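Scroll down for the structure; my scribbles are underneath it.
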Amino acid sequence: DREALLKEIADAIISCKKDSVTEAVNKARGDLEASDIIENGLAAGMNEVGMKFERGKLFLPHVMMAAEAMTDAVKTLEEDMPTEQRGKPLGVVVNGTVEGDVHDIGKSIVSTMLQASGFEVYDIGRDVPAQDFIDKIKEVNANVVGISALMTTTLPGQKDIIELLKEAGMRDDTVVMVGGAPATQAWADKIGADIYAENASIAVNKTKEKL
Ligand code: HCB
């Protein structure tokens with residue numbers, strides 16, 4: 001059943017073995033939605049990996065292997081996601097990870113899910129300087145910016161981008177969404193972001209609501 005399939009996927013991520021992840025994901029592909037597999041299987045496993053790493057039960061090379069397996073699995077699952085075809089996109093989104101931060105798994109999942117839900121998405125990658133966010137928003141005339149940060153040390157990068165948007169006179173025309181493990185609703189309120197997205201489905205729903 002669904003629970004068993006998802007647990008097998010999460011366990012495979014926790015085992016940090018790419019082959020087990022591929023096998024478990026392929027087993028579930030026909031039966032479960034790609035987004036369900038990503039959020040409740042792969043991401044759930046990755047959360048556990050994070051906790052084990054924090055407790056010193058797993059080491060960085062393991063985390064890297066789990067991350068690589070997860071990235072590959074998400075790429076495969078993207079093929080299964082039906083893109084909601086519409087004449088006009090729901091909105092234009094620039095999504096990236098702040099400067100100094102190479103964590104991009106969660107950010108990329110959010111980009112994929114937004115795209116699959118009918119948004120036009122420009123994923124500008126990871127370790128991106130604040131000014132590059134602004135330049136891209138201007139270039140593609142985006143009305144939403146998604147800003148990911150996974151470390152307490154890089155979290156202030158989200159605030160920097162909001163400040164630059166204000167300076168450029170673009171703040172009122174841009175919905176600002178922040179995400180990443182150390183971000184919270186309280187942090188989002190403090191820096192004046194419009195959306196705090198705890199995960200990719202929330203990111204999609206809240207973005208739809210704001211536009
Ligand atoms: Co990394 N790392 N890491 N790491 N890493 C964390 C983030 C720590 C919390 C682990 C720990 O020590 N407790 C920690 C940060 C501590 C802090 O806050 N200061 C940490 C550290 C310290 C580091 C290094 C410095 C380690 C080192 O080299 N000594 C180094 C960073 C180098 C750098 O960035 N300059 C590093 C490296 C790595 C990798 C490369 C091994 C790997 C990343 C691979 C990659 O991303 N391509 C990695 C990983 C995988 C993690 C953990 C284990 C998991 C992160 C993850 O992918 N989660 C993480 C532990 C944790 O987060 N608790 C650990 C799964 C995804 C699905 O969740 O939260 O990223 P997510 O995304 C969600 C959600 O936040 C939201 O939706 C997503 C989908 O549901 N969201 C958005 C995210 N972005 C959004 C954008 C939007 O627009 C909207 C919503």
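Rounded to the nearest 0.05, what FRET efficiency do Leu211 and Thr153 have when you use their Cβ-Cβ distance and R0 = 45 Å?
After rounding to 0.05, the efficiency reads 0.90.
Among the lysines, select those whose C-alpha is under 23 Å from the C-alpha of Lys52, and discard any that sit fewer than 8 residues away in the same chain.
Qualifying lysines at Cα under 23 Å: Lys7, Lys17, Lys18, Lys107.
If the chain between Glu23 and Phe59 were fully stretched, how many nm would it gain, using 0.36 nm times the residue separation less the Cα-Cα distance?
Answer, rounded to one decimal: 10.6 nm.
Can you give the local net charge around Met177? Use residues other than it whose beta-carbon is closer than 12 angstrom to its beta-carbon, Lys and Arg +1, Asp and Glu -1.
Counting the neighbours of Met177, the net charge comes to +1.
Expressed as a whole number of Å, what is the distance separating the alpha-carbon centroids of the range 69-142 and the range 30-55?
Each part reduced to its Cα centre gives a spacing of 19 Å.
Subtract the Cα-Cα distance of Gln185 and Asp172 from 0.36 nm times their separation in residues, and report this length gain in nm to one decimal.
2.7 nm
Would you check the accessible area of Ser20, probe 1.4 Å, heavy atoms only, in square angstrom rounded to 10?
Using a 1.4 Å probe on the heavy atoms, I get roughly 40 Å².
Rounded, prolate or oblate for the range 92-210? Axes are the square roots of the Cα gyration tensor eigenvalues, ordered a ≥ b ≥ c, and the cut-off for rounded is a/c under 1.5.
rounded
What's the extension gain from Met81 to Glu198 if we count 0.36 nm per residue and subtract their Cα-Cα distance?
40.0 nm
Using a ≥ b ≥ c from the Cα gyration tensor of the chain (square roots of the eigenvalues), is it rounded, prolate or oblate, where a/c under 1.5 gives rounded and otherwise the larger of a/b and b/c decides, a/b for prolate? Write out the running numbers ahead of the final one.
Values: a/c = 2.25, a/b = 1.45, b/c = 1.55.
Note, shape of the chain comes out oblate.
In whole percent, how big is the carbon plus sulfur part of the accessible area of the chain, probe 1.4 Å, protein atoms only?
50 percent
Applying 1/(1 + (r/R0)^6) with R0 = 30 Å to the Cβ-Cβ distance of Glu33 and Asn141, what FRET efficiency is obtained, to the nearest 0.05?
0.40
Using helices alone, I'd like the mean residue ellipticity at 222 nm for the chain: each DSSP H run of four-plus residues gives -39500 (n - 2.57), total over residue count, nearest 500.
Result for the chain: -16000 deg cm²/dmol, rounded to the nearest 500.
Please arrange Arg171, Arg2, Arg126 by accessible surface area, largest first, computed with a 1.4 Å probe and ligands excluded.
In descending accessible area the options line up as Arg126, Arg2, Arg171.
The values are calculated or read from the model by the stated rules, or taken from the named source; none is laboratory data. These figures come from a predicted structure and were not determined experimentally. Note that each Cβ is placed from the backbone with ideal geometry, even for glycine, and that neighbours are counted across all protein chains shown. Ligands, DNA and RNA are excluded from the accessible area calculation, which covers all protein heavy atoms including side chains. Shrake-Rupley method; radii C 1.70, N 1.55, O 1.52, S 1.80 Å.
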